[in-house]
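Notes for the one structure printed next.
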Amino acid sequence: LHAVLHSTSWRVSKPVRMVGFPLRRLTSAIRERRLLPGIKERIKGVLKIGAAELAKRPALKRAALRLVRMSPALDRRLRAVVTQSASAAVGSPASQRALPESAREVLDALRAAARASESR
């Protein structure tokens, strides 16, 4: 096994394997009509990770919010998703206490923004 994994042919064929596997999965998803739901789930995952990173960096967060506000449709959609996620994930006061302080601050800011957008 060591000899195979360190052979020249294995190392040279690595790019083909790296592209081949995702390409087979993509063609399978297209064939089975499950491409769109898969893309949506991956986008949601990226957004969750991005939101967590933005929460750590206030200046970057302000810049991202300015960009999102340039598109009213995107702004409404993201607010709706965030409001749904926040209310589902943090429904009870007991679960709020379990959150780290920084997450509670972000959640409070999102709730305030959602209330402000609803009053408009």
Which GluC sites (Glu not before Pro) from region 1-60 combine a DSSP loop assignment with at most 10 other Cβ atoms within 10 Å?
GLU32
In nm, what is the difference between 0.36 nm times the number of residues separating ALA109 and ARG33 and their Cα-Cα distance?
23.5 nm
For LYS48, the lysines lying under 17 Å Cα to Cα, once residues fewer than eight places off in the same chain are dropped, come out as LYS40, LYS56, LYS61
Inter-probe distance in nm under a simple model that places probes 7 Å from Cα toward Cβ, at LYS40 and SER71:
1.7
Gain upon complete extension [ALA59, ALA80; 0.36 nm per residue less C-alpha separation]:
5.2 nm
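Every number in this text was worked out from the coordinates using simple rules, so none of it is lab data. Fair warning: this is a prediction, and the values are worked out from it, not measured in the lab. Counting neighbours? That spans all protein chains shown, and the Cβs are built from the backbone with ideal geometry, glycine included.
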